[in-house]
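> The following block contains the structure, expressed as structure tokens.
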Amino acid sequence: MSSAPKEFAAPAMAARTAAILFLFVVIFTGLLSTVYKWTRPVIEATAREERLRLLNEVLPAAEYDNDPVAEARPLPPTAELGLKEPSTVYPARRGGQPAAAIFEAVAPDGYAGRIRLLIAIRADGSVAGVRVTQHKETPGLGDYIEPKKDRNKARPWITQFNGLALATTDDKAWRVIKDGGRLDYYAGATISPRAIARAVHKAARWFDANREQLFTPDGGKP
């Protein structure tokens, strides 16, 4: 019995190999797609829970009864907040009435660069809470800007902003004591708290100027 010429056998083998690889890719892609569809709801629910957990760190859950995540709206780059990129604002309501707005801000002049913040300001203009969400400050020296690393567990440094409001707090008071304000700081580490204090004060002024739009469903657009 004669065998197929070599010049025909090689292309046939290559075609079979290509067909097998193609079939493998199709099956593997289908499996990935199926797994993604099964796990997507779980991933999204986990991400939502984590977002709510962080929001509740700056605004106690007892102060609102809506779903801020569901009502979240995009926020364009905002110089007053130190934001060079789009962000998100989370409106909190209680009994249908505005309770607070939660949004990001950036202190651009930290000791080691940008310090990202999450800030909640109540409808009356008072600060409900502030948290540092990202920074590159010196470990050990700048740790106290984070409640989890602050040695003072009873009253972490960042909680000094709670309750401050433009209507009841003089502009000068939104500074560290070293600069004539009322905010305490740790000796030898004033740059980070000074930067955060400026950013929170700017955020309070921005909130005051945009209060109505923040709580209007369409953002105040005509």
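> Contact list please: Cβ distance under 8 Å, first residue in the stretch 156-180 and in contact (Cβ under 8 Å) with a residue 40 or more places away in the chain and surrounded by 12 or more Cβ atoms within 10 Å (Cβ to Cβ), second residue in a helix (DSSP H, G or I) and acidic (Asp, Glu), pairs at least six apart or on different chains.
Correct list of pairs: Leu166/Asp208.
> Which of the numbered conditions does Gly163 fail, given that it passes all the others? Conditions: (1) assigned to a loop (DSSP other than H, G, I, E, B); (2) modelled with pLDDT of 95 or more; (3) more than 16 Å from Asp208 (Cα to Cα); (4) not hydrophobic (A, V, I, L, M, F, W, C).
Status for Gly163: all satisfied but (3).
> Right, here's the next one. Does the stretch 131-138 contain at least one residue that is of a type outside the set (S, T, N, Q), in a helix (DSSP H, G or I), buried (at least 17 other Cβ atoms within 10 Å of the Cβ) and touching a residue at least 24 places away in the same chain (Cβ under 8 Å)?
No, the stretch 131-138 contains no residue that is of a type outside the set (S, T, N, Q), in a helix (DSSP H, G or I), buried (at least 17 other Cβ atoms within 10 Å of the Cβ) and touching a residue at least 24 places away in the same chain (Cβ under 8 Å).
> How about the stretch 73-94: which of its residues are closer than 17 Å to Arg131 by Cβ, in contact with a Ser or Thr (Cβ under 8 Å, 6 or more places away or on another chain) and either assigned to a loop (DSSP other than H, G, I, E, B) or in contact (Cβ under 8 Å) with a residue 24 or more places away in the chain (or both)?
Scanning the stretch 73-94 gives a single hit, Leu81.
> Let me ask something additional. Applying the selection to the stretch 95-121, what residues are over 25 Å from Asp171 (Cα atoms) and assigned to a loop (DSSP other than H, G, I, E, B)?
Selection gives Gly95, Gly96, Ala112.
> Moving on to the next point. Kindly indicate which of Asp208, Asp124 is of a type in the set (D, E, K, R) and assigned to a loop (DSSP other than H, G, I, E, B).
Testing whether each residue is of a type in the set (D, E, K, R) and assigned to a loop (DSSP other than H, G, I, E, B) leaves just Asp124.
> Give the number of residues within the stretch 166-186 that are touching a helix residue (DSSP H, G or I) at 6+ places or on another chain (Cβ under 9 Å) and farther than 21 Å from Asp208 by Cβ.
Total satisfying the criteria: 7.
> Go through the stretch 96-126 and give me each residue that's modelled with pLDDT under 95 and of a type in the set (Ser, Thr, Tyr).
The one that is modelled with pLDDT under 95 and of a type in the set (Ser, Thr, Tyr): Tyr111.
The values are calculated or read from the model by the stated rules, or taken from the named source; none is laboratory data. Note that the coordinates shown come from a computational prediction; the quantities given were computed from them, not determined experimentally. Heads up, the Cβs are rebuilt from the backbone with ideal geometry, glycines too, and the neighbour counts pull from every protein chain shown.
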